[in-house]
Every structure is written in structure tokens, then in C-alpha cells.
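The values are calculated or read from the model by the stated rules, or taken from the named source; none is laboratory data. None of the values given here were measured: they were computed from a predicted structure. Using ideal geometry, Cβ is built from the backbone for each residue, glycine included, and neighbour counts are taken over all protein chains shown.
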């Protein structure tokens, strides 16, 4: 029986339910990452004994599933755009913003599908946006492609955010510190393609990079949908 099927215990003298447990776990994860989350620490945050939680959640993995599903409620837009490209783009951007609010989400994206009601609603909205445009196998590959890009780009961005926090160096500070070494290496002439990228490339924000890459992926999806329907 999954955590979604298992009923909650009856109310006891100290009010407790899965909603409160998940909210406390998310607060801990937002503060210190997934390593800061344990049933013992969540119980301490709620000022109850750890054994009380086992009536609601059996394992830490179940707790993570509930946390991910709760954040999926932030991803699902109130109104679904009518055009498939806008719908998939909106969901990808909302996933990125949710991960920036809850950095730990990046560590849990890309694994087995989440089966909570909010995650299922996001999945339904994603597939519904493409419904009727191609056969189901083509639609599934399109969704997988967009999700793979979004997950990889989000994880890279979060990794950079964490690196800045761990080192205390902003991106600009890191570039200044690394500049002399990189300049010497590029001056050897062994890395002409890298030199062109460094000296001639346009620097963009993480948001701009994500949006550009997403548009290229959606262009590819559109081309394959057109071929499939031809």
C-alpha cells in the first residue's frame, strides 16, 4: 500500500496530520537541504515524539515523495494555456522557479515518476497539452525530451547556486579569481574554440540561458510533431 492509499490515524491530543508533517519537512529542507531532513528532526520541529510520525509516514523516502508532491502544487498553473508550446514552456519555467525556491527539489527530479495527486495533475496537464497532435508514443518522447532538458538545466543552475554559497564567491568573483590562469592557458593556442567562446561569446543570465535552450528543444519537438502528423 502506498502512502497515498494509507489513511491517517485518528486525531490525538496533540494535533498532527501529514500536511503539518510535510510542511515541517519542507521548511527543514529549505533551510539545510535533504540531509537536514529526518523523521527525528521533523518530530522535533513539531514538538512530538518520533514514533508519532510512523502512524503517518513509514520511511524517509515516503516523506520525500510527499514533499515533492507538495511542491508540484506550486508548479501547476491555475489556468492551462490553450497552445501546446506555451503550456509545456510554462510548466518548465514554473518547475525551474519552484526549484529555485526549494533547491532540494533538483536532487529529486528525474527519478521515478512521482505518483502524488499534484504530480499526477502536472503530468496530466503536460500530456493533455499534446493530446491529438500525434500518436501517444511520439507524445511521450516529446514530453521526455522536454523534461530531460529542464531537469539537466535546473540541476546545473542549482549546482552553481550552491557553489557560490559554499565558496562565498559570486560568479563574477570566481571569474576574476580564475581569469589569470585561464588567460595563460588560452594564450598557449591549444584551445582555439574555447578562446573564441570566452572572448567573443555573449554572457547571459541563467534565466536567459534556460529560456533559449527550452525554445530550441520545443522547436525540435514541433518539427517531430509535424512529421508525425504528416
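Taking the criterion of being more than 28 Å from residue 99 (Cβ to Cβ) and in contact (Cβ under 8 Å) with a residue 40 or more places away in the chain, would at least one residue in the range 215-230 satisfy it?
For the range 215-230, residues more than 28 Å from residue 99 (Cβ to Cβ) and in contact (Cβ under 8 Å) with a residue 40 or more places away in the chain: present.
Residues are listed down the side, and each one gets a yes or a no for (1) touching a helix residue (DSSP H, G or I) at 6+ places or on another chain (Cβ under 8 Å); (2) at pLDDT 95 or above; (3) outside the structural domain of residue 213 (by TED's automatic domain parsing):
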| residue | (1), (2), (3) |
| --- | --- |
| 43 | yes, no, yes |
| 48 | no, no, yes |
| 67 | yes, yes, yes |
| 92 | yes, yes, no |
| 96 | yes, yes, no |
| 99 | yes, yes, no |
| 111 | no, no, no |
| 114 | yes, no, no |
| 135 | yes, no, no |
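If residue 215 meets every condition in (1) surrounded by 11 or more Cβ atoms within 10 Å (Cβ to Cβ); (2) in a helix (DSSP H, G or I); (3) at pLDDT below 95; (4) out of contact with any helix residue (DSSP H, G or I) (no Cβ under 6 Å at 6 or more places or on another chain) apart from one, which number is that one?
(3)
Quick test of your reading of the structure: residue 126 fulfils all but one of (1) within 14 Å of residue 72 (Cα to Cα); (2) without any contact (Cβ under 8 Å) to a residue 40 or more places away in the chain; (3) surrounded by fewer than 16 Cβ atoms within 10 Å (Cβ to Cβ). Name the failing condition by number.
In the conditions (1) within 14 Å of residue 72 (Cα to Cα); (2) without any contact (Cβ under 8 Å) to a residue 40 or more places away in the chain; (3) surrounded by fewer than 16 Cβ atoms within 10 Å (Cβ to Cβ), residue 126 misses (3) alone.
Restricting to helices (runs of 4 or more DSSP H) lying wholly in the range 1-93: which have 3 or more residues that are touching a residue at least 24 places away in the same chain (Cβ under 8 Å)? Let's see the steps before the verdict.
Details: elements: 18-32, 39-46, 50-53, 60-75.
Per the criteria, 18-32, 60-75.
Of all residues in the range 159-202, which are surrounded by 10 or more Cβ atoms within 10 Å (Cβ to Cβ) and not in a helix (DSSP H, G or I)?
The answer is 169, 170, 191.
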